[in-house]
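In what follows, a single structure is set out as structure tokens and then discussed.
The values are calculated or read from the model by the stated rules, or taken from the named source; none is laboratory data. Bear in mind that the values here come from a model prediction, so they are computed numbers and not experimental data. Here Cβ is always computed from backbone atoms with ideal geometry, including for glycine, and neighbour counts include all displayed protein chains.
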Amino acid sequence: MLKNDKIRQFEFYNEISVCLEQCSQKIIEIYESFDENVEYKDDKSPLTQADLESHEHISALLSSISNYPIISEEGNLKYTNEPKYWLVDPLDGTKEFINKNGEFTVNIALIENNYPIQGFVYVPKDKTLFFGGHNKGSFKLSHNNIKEIFAKSPTDKLKIVTSRSHLNETTRNFLSQFNDFDILQAGSSLKFCMIAEGLADLYPRLGPTSEWDTAAAQAVVEGAGGSVKDLSGVRLQYSKKEILNPHFIVRGKI
């Protein structure tokens, strides 16, 4: 087990971890009860219900433990000039949720001065929590066991993780520069977590994402010793008036 002082450095760790478990229960109830073969109207879709219930639960919790603004994909606030705020994706992985492959997450990040200083990525189907932050380390909590995780250097063959649902021609062209590599696929912010755990070496994201898609997982990667940078090699930053991210590459220790 980890020493308590390693956990204490994460603000509101206990409250957020409990909140994510409770959100997970609500999401899984909806996830397991709907039929993916049935066409739902937008206002009654199981995905919308799961998004909104998760958003409402997280927003209530964060409002009760801090005065920081909350920017959520399902909320009305999309920009703040406050230096410190919460950035939330109540349910990341639309296609994964609908296709029932379990690869969806709930993401909560604490942003300070344009960068995520700590992030929490919860996997409802596996009841697994990844959390981390720059200069704080990164950790995985699963089945009541917490272990520290680390990005790794490539071994004999490069392992490149790509989106299960959003592999485009630009990404295929990027991959063509490599001669010998293994492709791994995953949904949602789990791709970042694979880098943080040392299961993959590289994740090119050459398609559209929003800030709430990436912030929490970026904190986990950076805490594990990896990096998330745009195509100019600049660390991915936040608090932009335009919520869309530039294209970026997640790296382990490369």
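Quick notes on this one:
- Complete set of residues in segment 149-163 that are surrounded by 12 or more Cβ atoms within 10 Å (Cβ to Cβ) and over 19 Å from Q218 (Cα atoms): P154, L158
- For I249, the conditions (1) over 17 Å from N113 (Cα atoms); (2) surrounded by fewer than 21 Cβ atoms within 10 Å (Cβ to Cβ); (3) touching a residue at least 40 places away in the same chain (Cβ under 8 Å); (4) out of contact with any strand residue (DSSP E or B) (no Cβ under 6 Å at 6 or more places or on another chain) all hold with the exception of (4).
- Restricting attention to segment 116-136, the residues that are under 21 Å from R8 (Cα atoms), buried (at least 18 other Cβ atoms within 10 Å of the Cβ) and touching a Leu at 6+ places or on another chain (Cβ under 9 Å) add up to 11.
- Pair list, Cβ under 6 Å, 6 or more apart: segment 219-232 residue at pLDDT 95 or above, other residue assigned to a helix (DSSP H, G or I): V220/A196; V221/F192; V221/I195; V221/A196; A224/A196; G226/I195; V228/Q218; V228/V221
Okay, residues lined up against (1) under 26 Å from P208 (Cβ atoms); (2) outside the structural domain of E242 (by TED's automatic domain parsing); (3) buried (at least 19 other Cβ atoms within 10 Å of the Cβ); (4) touching a residue at least 40 places away in the same chain (Cβ under 8 Å):
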position	(1), (2), (3), (4)
D51	yes, yes, yes, yes
S54	yes, yes, yes, yes
A60	no, yes, no, no
S72	yes, yes, yes, yes
T80	yes, yes, no, yes
L87	yes, yes, yes, yes
P90	yes, yes, yes, yes
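- In segment 86-110, the residue that is farthest from the chain's Cα centre (by Cα) out of those that are at pLDDT 95 or above and of a type in the set (S, T, N, Q) is T105.
- Test: residue in segment 213-231 that is under 23 Å from E96 (Cα atoms), out of contact with any Gly (no Cβ under 7 Å at 6 or more places or on another chain) and surrounded by fewer than 16 Cβ atoms within 10 Å (Cβ to Cβ): no
- Number of the exception - M194 against (1) among the aliphatic types (A, V, I, L, M); (2) surrounded by 19 or more Cβ atoms within 10 Å (Cβ to Cβ); (3) over 17 Å from E96 (Cα atoms): (3)
- Boolean, P116 is within 15 Å of the chain's Cα centre (by Cα) and either farther than 18 Å from S64 by Cβ or outside the structural domain of I27 (by TED's automatic domain parsing) (or both): yes
- Some residue of segment 158-166 being under 21 Å from P208 (Cβ atoms), without any contact (Cβ under 8 Å) to a residue 40 or more places away in the chain and in contact with a strand residue (DSSP E or B) (Cβ under 9 Å, 6 or more places away or on another chain): no
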